[in-house]
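The values are calculated or read from the model by the stated rules, or taken from the named source; none is laboratory data. From a predicted model like this one, the values you see are computed outputs, not experimental measurements. Neighbour counts are summed over all protein chains in view; Cβ atoms, including those assigned to glycine, are modelled from backbone coordinates with ideal geometry. Heavy atoms of the whole protein, side chains included, go into the accessibility calculation; ligands, DNA and RNA do not. Shrake-Rupley method; radii C 1.70, N 1.55, O 1.52, S 1.80 Å.
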Amino acid sequence: FQTTMDVAAEDSDQMPSGFHAKAAAKAARLRREAAKLASAAALESPGGIESRPGEWAPTQSKLLRRVAVAARPGHFELSLQYGPYSVAYDTTGRLLALCGRGGHVAAFEWRQKRLMFESQVNEPCHALTWVGAGSTPQLAVAHSNWTYIYDAQGLELHCLKRLHKANKLFWLPRHWLLAACTDTGHLHWQDVSTGQTVASYCGHHGPLRVSALHPDSGCVLTGQPNGQLCIWTPLEKRPVVKILCCPAGVRAVATAPAGHAVYTLGGDSRLRVWDIRCLRPLSVSDSGADAASIRLFDAAPQLAVSQRGLLACPVRQGAALMVLPAGGAKPLLSHPSPGRLSDLAFCPWEDVLAFGHARGLGSVLVPGSGEPNPDGAVHPLSGKRQRREAEVRGLLDKLPPETIAPPAVGGGVNAVDAEGIEEALARKRAAVMALPSDEVRQFQPRRRSGKASGELNRKVGERWQRRRMELRQLLKSKKRVLAEMGDEGADAAGGRKTKKAKKVSQSGELTKPATGTFLDRLIPKAD
Amino acid sequence: MKVKLLLRNPQDYLRETADDIHKLARNPAPELHPMSAETEYVRALNAAKLERVFAKPFLGCFGDQGDQLSRVCMHPRALSLCLSGCVDGRVAFWNIPRRSRVLQLDAHSGCVQGLCWHPEQDLFYSCCDTDRTLKAWRVGDDLTEFSRPVSQRHLDFAPLNLDHHVSKDLFALSGDAVYLYDSRRSDPVGQWKWGSDSVLQARFNPTEWHLLAAVTKDNALLLIDTRQREPLRRIRCEFRQNALCWNPQEPFVLATASDDYNLYSWDARRLASPACVYRGHTNAAMDVDFAPTGRELVSASYDCTVRLWESGRSQSRDVYHTKRMYRVFAARYSLDARFIVTASADFNLRLWKARASEKLGALTPRERAAVNTAEALKQKYAHHPQVRRIVQHRHLPKRLYQAQLEMKAIRGKQRRKEVNRREHRGEDKEPFVPERDRHVRGVDE
């Protein structure tokens, strides 16, 4: 937008002096450069599929024939034997980790297929997440009892006994918090940088089996069997927000990596999309398709949402996965799964989707799922030094857990405390209209004794008599003004003129106030 | 079917050669920057904390002078030189960066009451009240030791202070009156007096060449025009003003250090009340000096602290104290407004930084950008309670902290009693008087 300085800069003879002209020119130049930077043609453009009407969703082999050879690493299948697998990408999208119910834990760079580590922990593993920054990646795995943290070489670094029977682990990168929901109904938030437990409590809402993280605010969303969606923060031991989102129990909850959309799948098999800011259903998308028309019949599906809003879900009892476009009902693509689908995860910054199933895991190409232009060093092609710098900066910018709050509740660092201001103003107005205190009105000066005390006592008594009369007048006038203002009382005092019926005396004239104080201003005037 | 898959070319993200800086991807879209306000707030908090971590203003002592120092005088043109006057009559010439004494003179037999430099020549003047002399000393290029002054003048009054005109060959001596001397004439060119008490200090206005201000022992501030025979104005204050200083950038502004623990800044165009009251010291303010920028003040106080102020803000920006520093009698800014030299009753001159957490070396462009960003962040979040708490808090030794609490209690009591009196006696008998109007008894013309 243009400011007065811009306008003035164009008309240089309006500048009061050369100093002002130079300053205005510099400001204008900086603004032009910023606008150019903001509107600069982005480096990459997003992917996508343009299909003719009537064309079927493409298979992976069809996609592979149409894309460059460099995209092939995104499509692979691993046949593994140790139970249904959960998969997790790290925030840069470079590393992929898997854990199986049979105790198999592994991590590898999926592009080069370079194995970081692989181990058999002899315990069922239910969930995993990458913690820490890209320079020193660590993996948190929820075993059957406790949660363990492994480093990039597979060495066990920590055993978190507090995170007992966790079924879902979440990583909050801006707060450096590891959040966990457990089968016992507990919620945990653990600071990974200092090792401090920020919060650990029982939610008293039953076992929290359906949960998701809202990354923009850091809140944990859980779906309850009574159809409620609860939003949890570390500072409150009760859900901060509860909305009834499904007529039957909630079977799945998913959130996009950025933004305010929350996907819930209810017992009626309908998928609903909510806006977490106003806690209402999101409006229908431009294409006209209604997400609620999508019905998913899997018992406990794992949904995944990509950075660009694509939704991946299992279909046919986990025999295949389907990717739906943002706000659409017609599938973008589908892919059969060799085993029953157990987990889905979109790769950040890439058009790739990983899925874990009962017989291993796989990865498919999904054009248009990844955000093409990252910011900073958190992207797959950032170097080691950049990731180290980003880790240090991330630690310095670590947000306190007080900043975790659902957007609907409001607040935030720059929120104006309008209520507080109103209260303060009301208090000031009340002070102006405060009646003289009883102590002041009933004060009796102390009587002195000794020589010439009689005269002194008389004088002081007279002075106080006069003052008491004055205070009585003041009290009367204030009471009258308050009465005229009616129910609004002292809060509304302070300048607001009300059109009340004027008091008319017996002679028919308007009564005039007897005080000569500033309160006369508040008394309604005669027309 | 048209298929486009997102594929990145690594060359676009890698630097070309090892001499290049690493490339940084940028996308200003707000979806990729959630909680940006909170992140900024945390950065402001960290900036405030780091400022306190690096706040080490004390640079060093100049060395024991052997007796109490009475005056400090900075060289008008050379950044690294200053003079100090001692109560036993010695004048020392110091190199500030090295904190070493270049030469020392046995200038007088009594306390050196006045020290000032000639604005253009390598000449300085000193005066003493015990031997009633004014001496001029020439400092050679090689700064060799010498023992006799260039010229000496016997005065028939006891001079209490000395100041030289910014460009003309005039100087003002204050004693029982304000005397204006021309270096070529033996008799004073002008004499001004108001009342019978002696004048403690007279200073020339650096911009208005005919204007002088003086502070007297009977709690008055005088404004003198050298073209007139009588002083222009006399402001009668509640307490004695110990020192005064003109603002080098604003011709009509002057500051005085008062015995009632405050500093006052005055607008010479409107002397009915001070423009600003600087409250913070817990004992008499002995000296005040403006920074060459005209935007900051430094004050030396009898309570063993040195306080720095921003012009117009009545709360001090910073307070300097050391275990070994006793009553501070003089404080001066260096010419580049980056350092402060203080003279105190523990026989020492001390060198301090004007900005406590400033890095003294050369700043690389990135360092400068980081410092500016930190400063901007602190200003943006200055009203947030956590940031304000860290930025404002200064550690004080126990006795100073207790003195501060005492002053607060005294002031609180005074205010409370006023409110009670107003409630009991009424607004007309106990009117509300703003802070500024409480300190001046009257202005005489």
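In percent, rounded to a whole number, the relative contact order of region B:58-353 is 13, using alpha-carbon pairs under 8 Å and six or more apart. A Cβ-based charge dipole, computed about the Cα centre of region B:58-353 with Lys and Arg at +1 and Asp and Glu at -1, lands at about 460 debye.
So what's the gap between the Cα centers of region A:297-362 and region A:78-109, to the nearest angstrom? So the separation of the two Cα centres works out to 16 Å. Modelled this way, with points 7 Å down the Cα-to-C-beta line, the labels at A:Met469 and A:Ala418 are 5.0 nm from one another.
Computed over chain A, relative contact order equals 11 percent, with contacts defined as Cα pairs under 8 Å that lie 6+ residues apart. Report, in whole Å, the centroid distance computed from the Cα atoms of region A:227-262 and region B:34-107. Using only Cα atoms to place each centre, the spacing works out to 60 Å. Averaged over the residues of peptide A:40-47, the number of Cβ atoms from other protein chains lying within 10 Å of each residue's Cβ is 4. Placing +1 on the Cβ of every Lys and Arg and -1 on the Cβ of every Asp and Glu, with no other charges, gives chain A a dipole of roughly 2760 debye about its Cα centre.
Backbone phi angles across region B:70-75, fed through the Karplus curve with coefficients 6.51, -1.76 and 1.60 (θ = phi - 60°), yield HN-Hα couplings of 10, 9, 10, 9, 8, 5 Hz in residue order; Gly and Pro are listed as x.
So, R0 is 25 Å and r is the distance between the beta-carbons of A:Trp56 and A:Arg295; what FRET efficiency does that work out to, to 0.05? Provide the component values of the computation, followed by the final result.
Values: r = 20 Å, r/R0 = 0.82.
For R0 = 25 Å, the calculated efficiency reads 0.75.
How many angstrom lie between the Cα centre of region B:294-324 and the Cα centre of region B:209-266? So the separation of the two Cα centres works out to 20 Å. Would you mind checking the tilt of helix A:384-396 against the longest principal axis of the Cα atoms of chain A, expressed as 0 to 90 degrees and rounded to 10? It works out to around 30 degrees.
Sorting B:Asp197, B:Asp156, B:Asp182 by solvent-accessible area of protein heavy atoms yields B:Asp156, B:Asp197, B:Asp182, largest first, with a 1.4 Å probe. When all protein chains stay in place and ligands, DNA and RNA are ignored, the 1.4 Å accessible-area order of A:Ile49, B:Ile21, largest first, is B:Ile21, A:Ile49. Close amide H pairs (under 5 Å, H built 1.01 Å from N) link A:Gly360 with A:Leu80, A:Tyr85, residues at least 5 positions away or on another chain. A probe of 1.4 angstrom, applied to the heavy atoms of all protein chains, finds A:Val273 with accessible area near 20 square angstrom. A Cβ-based charge dipole, computed about the Cα centre of region A:18-176 with Lys and Arg at +1 and Asp and Glu at -1, lands at about 880 debye.
For the pair B:Met1 and A:Ala40, a Förster radius of 51 Å applied to the C-beta separation gives a FRET efficiency near 0.95, rounded to the nearest 0.05. Each residue, B:Gln392 and B:Arg269, gets one label point 7 Å from its Cα in the Cβ direction; the gap between the two is 3.2 nm. In the complete set of protein chains, residue-level accessible area for B:Lys56 is approximately 140 Å², probe 1.4 angstrom. Here chain A yields Rg over Rh of 1.21, to two decimals, using C-alpha coordinates and the Kirkwood radius. Applying 1/(1 + (r/R0)^6) with R0 = 22 Å to the Cβ-Cβ distance of B:Gln315 and B:Glu427 gives a FRET efficiency near 0.15.
Could you state the angle between the C-alpha long axis of helix A:18-38 and the longest principal axis of the C-alpha atoms of chain A, as a value from 0 to 90 degrees rounded to the nearest 10? Once rounded, one gets 40 degrees. Think of it as helices only: each DSSP H run of n ≥ 4 in the protein assembly as shown is worth -39500 (n - 2.57), and spread over all residues that comes to -6000 deg cm²/dmol at 222 nm.
Between A:Lys476 and B:Ala337, the simple label model (points 7 Å from Cα in the Cβ direction) yields a spacing of 6.2 nm. The angle between the Cα long axis of helix B:365-380 and the longest principal axis of the Cα atoms of chain B comes to about 80 degrees, rounded to the nearest 10.
Students sometimes get this wrong: rank B:Arg236, A:Arg467 by accessible area, probe 1.4 Å, all chains present, largest first. Walk me through the numbers before you get to the answer.
Values: B:Arg236 80, A:Arg467 35 Å².
Most to least solvent-accessible, the answer reads B:Arg236, A:Arg467.
In chain B, which longest range has no chymotrypsin sites (Phe, Trp or Tyr not before Pro) that are both DSSP loop (not H, G, I, E or B) and surrounded by at most 12 other Cβ atoms within 10 Å?
Details: sites that count: B:Phe54, B:Phe432.
Between exposed loop sites, the widest span is B:55-431.
Give me the accessible area buried between chains A and B, both sides summed, with a 1.4 Å probe, in Å² rounded to the nearest 100. Walk me through the intermediate numbers first.
Details: alone 29120 and 24210 Å², together 49080 Å².
Accessible area lost upon association: around 4200 Å².
Compactness check for chain B: Cα Rg over 2.2 N^0.38 Å is 1.19. Within region B:8-29, which residues have the backbone N less than 16 Å from the label spot 7 Å out from A:Arg385 along Cα→beta-carbon, could you tell me? Hits in region B:8-29 for A:Arg385 at 16 Å: B:13-25. Whole-Hz Karplus values for region A:125-136 come out as 10, 9, 8, 8, 7, 7, 10, x, 8, x, 7, 10 Hz, taken residue by residue from phi with 6.51 cos²θ - 1.76 cosθ + 1.60 and θ = phi - 60°; glycine and proline positions read x. Kindly list the residues of region B:332-350 that lie in the label zone of B:Asn283, defined by a backbone N under 16 Å from the point 7 Å along the Cα-to-C-beta vector. The answer is B:343-348. Only protein heavy atoms count here; on that basis, with a 1.4 Å probe, A:Phe297 has an accessible area of about 130 Å². The mean number of partner chain beta-carbon atoms within 10 angstrom of a residue's beta-carbon across peptide A:364-376 is 4.
Just to check, using Stokes-Einstein with a Kirkwood Rh over alpha carbon pairs, what's the diffusion coefficient of the protein assembly as shown at 37 °C and 0.692 mPa s in µm²/s?
Values: Rh = 35.6 Å.
Value of D from the Cα-based Kirkwood radius: 92 µm²/s.
In this structure the amide hydrogen of A:Arg251, modeled in the peptide plane, comes within under 5 Å of the amide hydrogens of A:Leu265, A:Gly266, A:Gly267, none closer than 5 places in sequence on its chain.
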